[in-house]
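In what follows, a single structure is set out as structure tokens and then discussed.
We did not get these values from a lab; they are worked out from the coordinates using the rules stated. Just so it is clear, the structure is predicted and the values come from calculations on it, not from any experiment. Neighbour counts run over all protein chains shown; Cβ positions are idealised from the backbone, glycine included.
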Amino acid sequence: MNYIVLDLEWNQCPAGKAAENALLRFEIIEIGAVKLNETLAETDRFREIIRPQVYRELHYKTKEIVSLRAIDFKGARSFPDVARDFFAWCGEDAVFCTWGSADLNELQNNLAYYKMPSPFLFPLLYYDIQKIFSIFYEDRKSRRSLEYAVDYLNIPKSIAFHSALSDAHYTSLVMQRLTPGQILANSSVDYYQTPENRRQEIYLSYETYSKFVSRPFRDKIQAMKDRVVISTPCCKCRKNAQKRIRWFPVGGSNYFCLAHCPEHGYMKGKIRLRHRKDNLCYAIKTVKAISPEEAYEIREKKEVLRLKRRLRRKFNNDKTL
Ligand SMILES: [Zn+2]
């Protein structure tokens, strides 16, 4: 097995959103990657600039971030050629690591734009080193810049950030401050391709929580009626934890609930409903073991939301009188 530490640079429509190509918002202009073996030692590197086909000029933001200039694209190959060579270089037994959750999504978008077959398995599990840095060095929730992590770990900054290869290189150095076990126990799911049916639904379990990704539903209401979506299996023993507070909306397309396992205590359920490109929606559910204090906070949150709703209703009624 090899770890492929990947970083991409991309460009967007220089003339603004109104003029952009709806099929390709972000066009990849550089692929950089570092290959690590099972012990996290570097064995190889890949770097190639890609000649843009859709947005030939660089957006001002791209110019600010990326060190590439027009001259660098002279003689560069197009995305299909570079992508084919890149995946051949990755090899069959690659696991992908990125800083943040965007790169693999954009890579698949670009593959789809050029009607290239996806080389990824379903579901696509990968390692988000930004998240894993937060799990082991911070509070699990914060998401820091790569440069912050490099400074935090006292890694010497020998080359500039924000080229695809230098960012892949720095990400690999952050990984070398972790163990393979720490990385492999904390996979992420890529949501570019989500389950099409019940059989493909994704179940993952981690040390402190479990994750479920559902098949598609027509709308939110259908999703929140589905017995599998709204179930709350204990994240430790998988037995059904009994609801203490049923699912309630907390804003956006998010829902919380509180459940209790006789053996493992309180569980916080969270559902995020997301839209797919075909406008159907799917659910991402996490069930996490929590303390009685955190369980109390969920009760309080629900009560505050109920009072707010009541006040709003009263205010609207008063206005119509
Ligand atoms: Zn349990």
_Compactness of region 135-185, expressed as Rg and Dmax over alpha-carbon positions, Å_ = 11.3, 31
*How much length, in nm to one decimal, is gained on full extension between residue 243 and residue 148, taken as 0.36 nm per residue of separation minus their Cα-Cα distance?*
30.1 nm
_Return the Rg/Rh ratio of region 2-184 with Cα-based radii and a Kirkwood Rh._
0.96
*asked:* Based only on other Cβ atoms within 10 Å, what is the fewest-to-most ordering of 126, 203?
replied: 203, 126
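What number, in percent, do you get for the relative contact order of region 2-184 if the mean sequence gap of Cα pairs under 8 Å and at least 6 apart is divided by its residue count? Present the calculation step by step, with values, prior to reporting the outcome.
Values: 289 pairs, mean separation 50.1, N = 183.
Taking the mean separation of contacting Cα pairs over the length of region 2-184, I get 27 percent.
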*Could you tell me, in Å, what Rg and Dmax come out for the Cα atoms of region 39-89?*
13.6, 41
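If Rh is defined by the Kirkwood formula over all Cα pairs and Rg also comes from Cα, what ratio Rg/Rh do you get for the chain? Display every interim value, and only then the final one.
Values: Rg = 22.5 Å, Rh = 22.1 Å.
So for the chain, dividing Rg by the Kirkwood Rh gives 1.02.
If I take every Cα pair under 8 Å that is 6 or more residues apart in the chain, average their sequence separation and divide by the length, what percent do I get for the relative contact order?
Answer for the chain is 13 percent.
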*Check each of the trypsin sites (Lys or Arg not before Pro) in region 36-95 and keep only those in coil by DSSP with at most 14 other C-beta atoms within 10 angstrom; list them in order.*
56, 69, 74
_Just to be sure I understand the model, the point goes 7 Å from the Cα along the line to the Cβ. What's the resulting residue 1 to residue 102 distance in nm?_
2.8 nm
*Bin by bin, in steps of 10 Å, what percent of the Cα pairs in region 1-90 do you find, going until the bin that has the longest distance?*
16, 42, 28, 11, 2
*asked:* Two decimals, Cα atoms only, Kirkwood Rh: what is Rg/Rh over region 194-308?
replied: 0.97
